[in-house]
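Data block below; observations after.
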Amino acid sequence: MRLLIVEDDAPLASGLRRILEAEGHAVDVTSRGEQAVLAAAQERFDLVILDIGLPQMDGFEVLRRLRAAERPMPVLVLTARDAVDDRVRGLDLGADDYMVKPFAMPELTARVRALLRRSQAHGGPRIVHGPLALDTVARRAFLKNEPLELAAREWAVLEVLLGKVEKIVSKEAIIQAVAGWGDDLSPNAIEVYVSRLRSKLEPAGIKIRTVRGFGYMLEEYKGP
Amino acid sequence: MPARSLRAHLLRMLLPPIAALLVLGALVAYYPSIEPATTAYDQGLIDAGISLGTYIRTSERGYRLELPTAVDQVLRRDSYDSVYYRVLGPDGEPIAGDDGLPGPPPDRDARDGFVSYDTAYKGQKVRAVAVPAKCGTAPCSVVVAETTVKRRRMARDILFSSLLPEILIAFATLVIVWFGVKRGLGPLARLSDEIKARSPGDLRPIAAADTPEETRPLVSALNGLLEEVAQASHNQQRFLANAAHQLRTPLAGLQAHTELALAKSLPREVRSELEQVHEATIRTARLANQLLALARAEPGARANATELNLKTLAESEADAWVHQALARDVDLGFELEWAPVQGDAFLLREALANLVHNALEYSQAGGRVTVRTGRKGTQSFLEVEDDGPGIPPAERERVLERFYRVPGTPGTGSGLGLAIVREIAAGHGASISITDAMGGSSATRGCRVAITFPHG
């Protein structure tokens, strides 16, 4: 994947570049907002990692211009400021995610992977998670290339979880996503579907974590 | 120094002139009315003297007064005063009447032939008149005097009747001042009520339109001050944001490079050194965050209170905590109910993050941490409970102090977390309590920190 890092702190920028290159991405770095806007106008990046605190044209302005482009690219905002309205402004302007500095590198790479996956999945009919693949058009699932039988509601629950890997999805959110199907669903019913999904997916190393009293989280695939 | 009462001050200033006016008013009323009254009484004495003069008779043995007893009685009859008279011959020799009644002082000029004067007789003050009379053809004189009982009584009556209304007016003035000041200061009292009712972060100017003209300078001075405070607070916020940026960006770079280096194969000693650098970096970053949070939580630095639901707040932060909990193999759970508060989202998030961080930090692998929000009666609360070693009751006050850590505590905390929580709770008028966990065993008492927000 092609990534653009917009960060004016040279040590941080070089660190980010090396970490993301180690993940197998092609990475361009610029320290200036104006250059980032120019580069994004000429070339297609799969993800822009954007620092808010840039000299001259600041990150908000860069973000606004990137959003105004014909085919907006996903943007991960880095901010050193903790003011609440900075976060809100960032997300309102259309950042796909944000991280407050400093951050652990594994968290950064996980977020980058999630954003890339989401942007690939967006409009694409195929969702891939480790050995699991969902063909959303044909509504067929494959595990290790073998067809996987999923009941309609199991499919719906899995689709919700796959949309937010490494993020907690509350039971209420799952019910809302699945209950478009007519009848009322109790939280207990969701537990049943999740436990069925677990028994089908866990042997392949795909883990669904229960967050007590809140919901579920599909963990990142870390191998079988 | 005792507070100076405007009322007392006004009264103190008003009393001397009012008293002076009172005296002056009484004098002005007294003298013009005492003069005609005195003249009228004197005229009575003169009439008596003239009529006495008509009873002087001349014979070869000299002059004598032939006064019928009835006339003498009429003359001397008076309900209040004793009346005296004396008839003197042409050479001043006494002819009749009360011996020793003093004549007029020699320097006194006669007016229409009469002389009135004050003197004393038989040990009493008397008012006397000397009236000219005829002893045959020679001029002689009659002196008539009376004690001053009715004159004094009259003077007293005049004084009293002129003073009474003045005293009433003065008293009314003082009463009006007393209540008038209270009433007149009403706008000030309303102004102070308005300022008292404000939240500490509310630095908007006071509306000058509905205040009386006299308080405008005060309102405008207050508004000037408010503006300066708001500006200072704004500058402080901006400084904090910049400081955060300046601190965090290099720390992020340091962390990135350390982690990159750690990902390589390294000699054992180098790896061990580097791991310590890495840990110190993370601790420094956390400390920087905490110091900034502490600075922001300080009074005067919070102006972002909005309607919040602690449930939503906890839900929005759950992602970050779950990953920490997974890394430590702690079962992080939530029991979240609707809990509305008026508060600063950033600070409350920071408080909650500190509580969860502590709970995770002091939990054993396999432990349980539970985050709760909800309402007890009309009060919203948030609490974090763990089943770790807990905090001994004797230490519960002190752990809220900055940089204090329970002796023997493992780990590398700064001792700032709970101080920040306390600071933020105080800023929201909330109370903080540390207790054993519910159903904690004796082996691990566990710890439950609850923040209870004011009724609302």
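The values are calculated or read from the model by the stated rules, or taken from the named source; none is laboratory data. Everything numeric here is computed off the predicted structure, so don't read it as measured data. Every residue, glycine as well, gets a Cβ built from its backbone with ideal geometry; the counts of neighbours run over all protein chains shown.
Annotations for the structure displayed:
- For B:CYS140, the conditions (1) part of a helix (DSSP H, G or I); (2) in contact (Cβ under 8 Å) with a residue 60 or more places away in the chain; (3) farther than 30 Å from B:PRO17 by Cα; (4) not small (Gly, Ala, Ser) all hold with the exception of (1).
- Counted residues, region A:18-39 - those being assigned to a loop (DSSP other than H, G, I, E, B), within 14 Å of another protein chain (Cβ to nearest Cβ) and touching an Asp or Glu at 6+ places or on another chain (Cβ under 9 Å): 1
- Only a single item in (1) within 12 Å of chain A (Cβ to nearest Cβ); (2) farther than 18 Å from B:SER414 by Cβ; (3) assigned to a helix (DSSP H, G or I); (4) among the charged types (D, E, K, R) is not met by B:LYS264, and it is number (3).
- Residues located in region B:143-176, provided they are of a type in the set (Asp, Glu) and either closer than 17 Å to B:ALA19 by Cβ or free of Cβ contacts under 8 Å to residues at least 12 places away in the same chain (or both): B:ASP157, B:GLU166
Let's see how each residue does on (1) part of a helix (DSSP H, G or I); (2) under 16 Å from A:THR79 (Cβ atoms); (3) β-branched (Val, Ile, Thr); (4) within 12 Å of chain B (Cβ to nearest Cβ):
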{"position": "A:ASP8", "(1), (2), (3), (4)": "no, yes, no, yes"}
{"position": "A:ALA13", "(1), (2), (3), (4)": "yes, yes, no, yes"}
{"position": "A:LEU16", "(1), (2), (3), (4)": "yes, yes, no, yes"}
{"position": "A:ALA41", "(1), (2), (3), (4)": "yes, no, no, no"}
{"position": "A:PHE45", "(1), (2), (3), (4)": "no, no, no, no"}
{"position": "A:LEU50", "(1), (2), (3), (4)": "no, yes, no, no"}
{"position": "A:GLN56", "(1), (2), (3), (4)": "no, no, no, no"}
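- Filtered residue count, region B:228-277, keeping only those that are farther than 26 Å from A:GLU23 by Cβ and either touching a strand residue (DSSP E or B) at 6+ places or on another chain (Cβ under 8 Å) or at pLDDT below 90 (or both): 19
- Criterion (within 22 Å of the chain's Cα centre (by Cα) and exposed (fewer than 13 other Cβ atoms within 10 Å of the Cβ)) met by exactly one of B:SER192, B:SER220, B:SER161: B:SER192
- Exactly one residue among B:THR258, B:THR249, B:THR211 is under 26 Å from B:ALA288 (Cα atoms), more than 8 Å from every other protein chain (Cβ to nearest Cβ) and hydroxyl-bearing (Ser, Thr, Tyr), and that residue is B:THR258.
- Qualifying residue in region B:305-316 (condition: among the acidic types (Asp, Glu), surrounded by 16 or more Cβ atoms within 10 Å (Cβ to Cβ) and either touching a residue at least 12 places away in the same chain (Cβ under 8 Å) or not assigned by TED's automatic domain parsing to the domain that holds B:GLU228 (or both)): yes
- Given (1) over 24 Å from the mean Cα position of the chain (by Cα); (2) acidic (Asp, Glu); (3) at pLDDT 90 or above, index of the condition A:GLU202 fails: (1)
- Of B:ALA345, B:ALA353, B:ALA339, all but one fail to be touching a Lys or Arg at 6+ places or on another chain (Cβ under 6 Å), among the aliphatic types (A, V, I, L, M) and closer than 23 Å to B:ARG296 by Cβ; the exception is B:ALA339.
- A count restricted to region B:237-276 and to residues that are within 54 Å of the chain's Cα centre (by Cα) and of a type outside the set (A, V, I, L, M, F, W, C) stands at 8.
- When the criteria are applied in full, B:VAL421 meets the requirement of being surrounded by 18 or more Cβ atoms within 10 Å (Cβ to Cβ), assigned to a helix (DSSP H, G or I) and not assigned by TED's automatic domain parsing to the domain that holds B:LEU291.
- Output for region B:52-71, where each listed residue is assigned to a helix (DSSP H, G or I) and surrounded by fewer than 16 Cβ atoms within 10 Å (Cβ to Cβ): B:THR69, B:ALA70, B:VAL71
- Note on region B:326-351: residues that are part of a helix (DSSP H, G or I) and surrounded by 23 or more Cβ atoms within 10 Å (Cβ to Cβ) amount to 4.
- Restricting the first member to region B:100-117 and to residues that are on the phi < 0 side of the Ramachandran plot and touching a residue at least 12 places away in the same chain (Cβ under 8 Å), and the second to residues that are among the charged types (D, E, K, R) and part of a strand (DSSP E or B), the beta-carbon pairs closer than 6 Å and six or more apart or on different chains are B:LEU101/B:ARG86.
- Within region B:182-238, the set of residues being assigned to a helix (DSSP H, G or I) and small (Gly, Ala, Ser) comprises B:GLY184, B:GLY186, B:ALA189, B:SER192, B:ALA197, B:SER220, B:ALA221, B:GLY224, B:ALA230, B:ALA232, B:SER233.
- If the condition is being farther than 15 Å from A:PRO131 by Cα and buried (at least 22 other Cβ atoms within 10 Å of the Cβ), then region A:199-218 contributes A:VAL211, A:PHE214, A:GLY215, A:TYR216, A:MET217.
- Subset of region B:362-390 [among the small types (Gly, Ala, Ser), within 14 Å of chain A (Cβ to nearest Cβ) and in a strand (DSSP E or B)]: B:GLY374
- The listed residue being part of a helix (DSSP H, G or I) and buried (at least 17 other Cβ atoms within 10 Å of the Cβ), out of B:LEU45, B:LEU15, B:LEU27, B:LEU22: B:LEU45
- Restricted to region B:362-418, and to residues there that are touching a Phe, Trp or Tyr at 6+ places or on another chain (Cβ under 6 Å) and crowded, with 17+ Cβ neighbours inside 10 Å, the residue that is nearest to B:GLY343 (Cα to Cα) is B:SER380.
- Meets criteria (assigned to a helix (DSSP H, G or I), closer than 18 Å to A:GLY15 by Cα and of a type outside the set (D, E, K, R)) for B:LEU254: yes
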